[in-house]
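**Student:** Quick one: this structure, given as structure tokens, is what I'll be asking you about.
The values are calculated or read from the model by the stated rules, or taken from the named source; none is laboratory data. For clarity, every value in this text was computed on a predicted model and none was experimentally measured. Methodologically, a virtual Cβ is constructed for each residue, glycine included, from the backbone with ideal geometry; neighbour enumeration extends over all protein chains shown. Just the protein is used for accessible areas: all its heavy atoms, side chains included, with ligands, DNA and RNA removed. Shrake-Rupley method; radii C 1.70, N 1.55, O 1.52, S 1.80 Å.
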Amino acid sequence: MHRKSRRRVVVAAGVPTVLALTVGGLLVSQGADASNTVAINVNASQNLGTVPSMANGVNTATFDGHLNDGAATAALADAGVDALRYPGGSTADAYRWQTNTTVDGLGYANPANGFDDFMGIARKTGASPIITVNYGSGTAAEAAAWVRYANVTKHYGVKYWELGNEVSGDGTYGTMWEHNVKPKGATAYANNIADYITQMKAADPGIKVGAVLNLHNSWPDGLVASNYGDTADWNTTVLKKDGPRLDFVILHYYPTSKSEAELLTQYRNIAAIVKATRAEISKYAGSNASKIQIMVTETDSSFEYDSVPAALYAADSYMTFLQNKVQNIDWWDEHNGPGSTSGRLPDGSTEYGDGGILSSGGCNGGVCEPTANTPFPAYYGLKAVGGFATPGAQMVATTSSNSAVTAYAVKTSTGMNLMLVNHSSQTSEPVSISYAGFNAANVTSAEQFSEANKKLQQIRGLSAHGLTLPAYSITVLKLSSSGTAPAPAASCTVTAGTSVSWPGGYTENVKITNTGANAAGDWKITFGLPAREHVTASWNVTHSQRGATVTAQPVSYDRTIAAGATLPFGFNASDTGAPAQPTWYALNGVRCTGH
């Protein structure tokens, strides 16, 4: 099996752990002990954006010996995959599309995996193609000819075109895994892709082109290659030069984890990454900045690739990227082949070191994978997302009382979908749910994937207001409405800031204003902290903490917050790293604005 050759892009040590826009939330089994119940609130009136038409993506590759298998194409369609990237990571910068060959010694192109073959798969699955043109050893004219062939000659209507793959890994910063015969450096890349953009859009003005950026706070982000004539870091240089003409930028996210527990927190970094990238675009891309999309064209678990936690990571990361307004996320990859090492996972199954969502059926070191096209757990993570976050659905806010389980909600034309992810490795979680702005009636269908049953299968007999989530599981519920939705129970604004910080902790002073029409009695305020932080003291409230979620409730003299009134309170928090304040607050389950 010819595997993709590239260095992993990793999240650097010391990156602040930041909770995503929508935090973990859960549901509860009927008859469960209330003291053990974790609560989720869904605020259907708080819109987090529309699910794009090409959100749920997968990488394909010219080297894939099973790319054209009918079973593989059927599996993509069944998982609701709506974007396919081609021709395969670093291979793209050594790939000649006209002849379906690669530069000698740099990868392999299966004779059956040419561009037209790939487009046949894209059309069968209904997925949007994302094409990475050859920047490393190709030319602007060659890329423009590809656009012309695809959209003028063949009328394929390929809209999204990437200008190379991980180009800064060409030795610009001392480490090289990406093939590039052009001059190195951000300035050279920025100048060269300007010509690519001109020629490619001359071939078809309707296409969208995207430039490679470095991931925020991960090597080599922020470095300046002055030895190659650069006067600023990669992202600044590219955005200043090409921002006015770019349609999207490209990020790759491969988190570094040392345990399953750490892997299952990696989605929390996503909000900070996207926010920082958006800030760079706004600062340097000029008047075109608001039109530039962000696409994450490679990600995977990078740890225990073939494990159930990899599936949970897939569900959490895809939804968190989408809630943060990312246009497309593509898993690496469809078939990848067994890695150099294998071993036993904690649940007793085999880890093949295979980053693919489907088995290649290969062997390595005497260890053989299951039959080709057998789904690995990550496949079911993507399938859960595909069935839950359908294109055009409206993502809405959730809050949770326990970060061990995450929850996501979308409104559809027929009701609402919920996706619940239990991170607890040994514990089933009884969970309860309440709604604002939606009258939940019945569960019309439900699917569940878990460590105990490693397929996404139909389950029955569930309530829209309570169930128990198995350990290490993903549950998708589709709900109908019982009629006119109730108004949101509350609304609020928050102002908060660190008044004092010190090595190992900080003080936060908070003001919550009830902006709803009615008084909030017996109120509850929740907020999220990074997993490494713990509240050690509070004032004007009583507090409790479970995982990363803190619950603040009234002291005896402040049980009601009148309409228009403001509640001040504060707390001290310990922190083993750099202080990172809460990124969300909620009053009675409804997220506050203004923080």
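**Student:** Name the single residue that is surrounded by the most Cβ atoms within 10 Å (Cβ to Cβ) among those in the range 394-416 being of a type in the set (Gly, Ala, Ser) and in contact (Cβ under 8 Å) with a residue 24 or more places away in the chain.
**Tutor:** Restricting to residues being of a type in the set (Gly, Ala, Ser) and in contact (Cβ under 8 Å) with a residue 24 or more places away in the chain, the top hit is 409.
**Student:** Another question about this same structure. Taking the range 189-221, which residues are more than 24 Å from residue 231 (Cβ to Cβ), open to solvent by less than 20 Å² (accessible area, probe 1.4 Å) and in contact with an Asp or Glu (Cβ under 9 Å, 6 or more places away or on another chain)?
**Tutor:** Residues satisfying the conditions are 207, 209.
**Student:** Before we move on, is residue 192 within 29 Å of the chain's Cα centre (by Cα) and closer than 22 Å to residue 96 by Cα?
**Tutor:** no
**Student:** Ok, one more. Quick check on my filter: what residues within the range 77-106 are assigned to a loop (DSSP other than H, G, I, E, B), open to solvent by 50 Å² or more (accessible area, probe 1.4 Å) and of a type outside the set (Val, Ile, Thr)?
**Tutor:** Within the range 77-106, 98, 104, 105, 106 qualify.
**Student:** For a quick check of your reading: which strands (runs of 3 or more DSSP E) sit entirely within the range 466-543 and have at least 3 residues that are under 30 Å from residue 577 (Cβ atoms), open to solvent by less than 30 Å² (accessible area, probe 1.4 Å) and aromatic (Phe, Trp, Tyr)?
**Tutor:** Output list is empty.
**Student:** Quick check: anything in the range 314-333 open to solvent by 30 Å² or more (accessible area, probe 1.4 Å) and under 30 Å from residue 68 (Cβ atoms)?
**Tutor:** yes
**Student:** Out of all the residues in the range 427-465, which are among the acidic types (Asp, Glu) and open to solvent by 20 Å² or more (accessible area, probe 1.4 Å)?
**Tutor:** Of everything in the range 427-465, those that are among the acidic types (Asp, Glu) and open to solvent by 20 Å² or more (accessible area, probe 1.4 Å) turn out to be 447, 451.
To keep it simple, each residue is scored yes or no on (1) farther than 27 Å from residue 425 by Cα; (2) touching a residue at least 60 places away in the same chain (Cβ under 8 Å); (3) out of contact with any Phe, Trp or Tyr (no Cβ under 8 Å at 6 or more places or on another chain).
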{"site": "267", "(1), (2), (3)": "no, yes, no"}
{"site": "283", "(1), (2), (3)": "yes, no, yes"}
{"site": "286", "(1), (2), (3)": "yes, no, yes"}
{"site": "292", "(1), (2), (3)": "yes, no, no"}
{"site": "300", "(1), (2), (3)": "no, yes, no"}
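**Student:** Let me ask something else. Which is in contact with a Leu (Cβ under 9 Å, 6 or more places away or on another chain), under 28 Å from residue 504 (Cα atoms) and surrounded by 13 or more Cβ atoms within 10 Å (Cβ to Cβ), of 586, 573?
**Tutor:** Of 586, 573, the one residue that is in contact with a Leu (Cβ under 9 Å, 6 or more places away or on another chain), under 28 Å from residue 504 (Cα atoms) and surrounded by 13 or more Cβ atoms within 10 Å (Cβ to Cβ) is 573.
**Student:** While we're here: Is there a residue in the range 298-312 that is within 25 Å of residue 584 (Cα to Cα) and modelled with pLDDT of 95 or more?
**Tutor:** Yes, some residue in the range 298-312 is within 25 Å of residue 584 (Cα to Cα) and modelled with pLDDT of 95 or more.
**Student:** Let me ask something additional. For the range 137-256, list the helices (runs of 4 or more DSSP H) that sit wholly inside it and hold at least 3 residues that are hydroxyl-bearing (Ser, Thr, Tyr); which are they?
**Tutor:** Result: 186-203.
**Student:** Of the conditions (1) within 16 Å of residue 136 (Cβ to Cβ); (2) open to solvent by 20 Å² or more (accessible area, probe 1.4 Å), residue 186 fails just one. Which one is it?
**Tutor:** Of (1) within 16 Å of residue 136 (Cβ to Cβ); (2) open to solvent by 20 Å² or more (accessible area, probe 1.4 Å), only one is false for residue 186: (2).
**Student:** Now a separate question. When you check residue 285 against the structure, is it crowded, with 21+ Cβ neighbours inside 10 Å and of a type in the set (Gly, Ala, Ser), yes or no?
**Tutor:** Spelling it out, residue 285 is indeed crowded, with 21+ Cβ neighbours inside 10 Å and of a type in the set (Gly, Ala, Ser).
**Student:** Just the residues that are farther than 16 Å from residue 298 by Cβ, out of contact with any strand residue (DSSP E or B) (no Cβ under 7 Å at 6 or more places or on another chain) and among the hydrophobic types (A, V, I, L, M, F, W, C), please, taken from the range 40-83.
**Tutor:** Matches in the range 40-83: 67, 71, 74, 77, 79.
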